[in-house]
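This report concerns only the one structure given below.
The values are calculated or read from the model by the stated rules, or taken from the named source; none is laboratory data. Please read all numbers here as calculations on a predicted model, not as lab measurements. Glycine gets a Cβ as well: all are built from the backbone with ideal geometry, and neighbour counts include every protein chain shown.
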Amino acid sequence: MNRKITTGLLTLIILGAAAYAGVKLEPPEPEYGLLLGTPDETISAADKFSNLRAAEEALDRAEGDDATKAVAYLEASVYFEAAGEYKDAAKYAEKAGKKHPQPPDAASALFRSGVMLEKAEKYKDAAKRFEKVYKESLYNRVPADTYGLDISLGEAAIIQACVCREVAGDLKGAKKTYEKYVEEFDAHPARRVWAYYRLGRVLAARGKDDDARAAFNAAVDVYRGAAGNTLLDMEPAVGYYAGARFYWEEYDYLEFVETELKLPQDRMERDLMWMLSTSQGLVAAYNEVIELETAEWSVAGYCRLGDTYAYFADALDAAELPKEIDPKRWRKKDPDDPERIEAEEKYNNYLAGLEEQTGPLRANATEYYEAAVAIAGTLGLTGPWVDRARARYREMTAIE
C-alpha cells in the first residue's frame, strides 16, 4: 500500500534508534506479504455456540465418498473459524484438502488451512502448510482470487510462507523461502522489489551485510528497470524501493560516521576528501528517497540528511590538531612567550576558519531535522524516527 505525503496517508511503519552509528528499522507492513489470517474480533458466546453446533452437524455429514467428505470437512472448517476455533478450522481444511479428488480444490483447501494456522498464530506450521501448496506445480495455476489476490495460489502460498517464517523468527527459513520465490517465480516486478527488499532485511538481521546489500541493490535494479514501462503498475512497490534505496546507502553512512580525521596530514587530507565525496553521495541518495514522497521514509531521509551534515561538522570540530597549534602544548608556555603568542594566533585563526565551515553544515542539519518534524506534525506521524528528529532539532537549535 503505497501512501504518499501529498495525500496525507501513511505507508511504512518505521521503527528507528537514535544513535549516529546506525539505526534498527523494522520492516514495513508488506504489501504482498500481509498475513491473510488474523484473529477475528471478539466473538459472542451465542455466535460461538451456534457455529460450533453447525460445525458438528457438518462433520456428521462427512460420510460416503471422498468428495462428500471433503465438502463436509470444508464446511466444518468455515464454522469452526466463525466460532474462533482456528486450530480446528485448520485441521478440517487440511482434511478436506487430503480428501478432495480435484487437485485445484484440494490446493485451495490446503491454502485455507494455512490461513487458519495464521489465525491461530501457529506461524511455523502455517509456513509448512503453504510450502506444501506451492511445491505442487499444478497448484501454481490455481487463482487466489478468493483472498482478493490477482496471482496464482502457488505464488500466494510462497509469499505467505515467506512472511510466516519471518514472523515466527525463523530467519534462516525465511531467507531460503524468499530466495526460492525470486528464483523460481516469474513474478510481477513490483512483487520482486518487495521480495528482494524483505530478503535484504532478513539477511541484515542475520548479520549477512554483503548479501543484504546485494539484495537491496537487486530491489533497486528491478524497480528502476521496470519504472519506465507504462504497462507495469509499479506504484505498490514505491515504498519498498524507497526502503531498499535507503538501506543500500545506510552501509556507506555507517562507514561515514565511523571516520575520524587524524594526523598525519596526508591521511587527514585523504580521509577528508573521502568524507566529502561520500557525503555528496549520501545527500543525493536521501534526497532521492524523499522525492518518492513516501511519508515515513521521507522522515527517515530528512533525519539522515541532518545526521550527515551534523556529523561532518562534528568530525571537523574533532579533527586532530597539528602540534604547533595544539593548546595543550602552547598553554604551558609563558603568556609573553613569542612562540605561544604566535601559536595562539594561529589557533584562533584556525577556529574562525573552522566555524566558517561547520556553521553552514549545522544550519543545513537543523533545517533537515525541522523538515522531518514538520512532515511528522502535518501527517500525525509518531515513532522513534520522529522522536529522533525532534530531539536532534532541539539540540541543534540549542547549539545555535
A careful count of residues in the range 255-287 that are buried (at least 16 other Cβ atoms within 10 Å of the Cβ) and either in a helix (DSSP H, G or I) or over 23 Å from the mean Cα position of the chain (by Cα) (or both) gives 12
Being surrounded by fewer than 17 Cβ atoms within 10 Å (Cβ to Cβ), under 24 Å from TYR79 (Cβ atoms) and not hydrophobic (A, V, I, L, M, F, W, C) narrows ASP150, ASP145 down to just ASP145
Residue set GLU81, GLU75, GLU63, GLU118; condition acidic (Asp, Glu), under 26 Å from ARG53 (Cβ atoms), in a helix (DSSP H, G or I) and free of Cβ contacts under 8 Å to residues at least 24 places away in the same chain; output residue GLU75
If you go through LYS119, LYS91, the only one that is at pLDDT 95 or above and in the same structural domain as GLU179 (by TED's automatic domain parsing) is LYS91
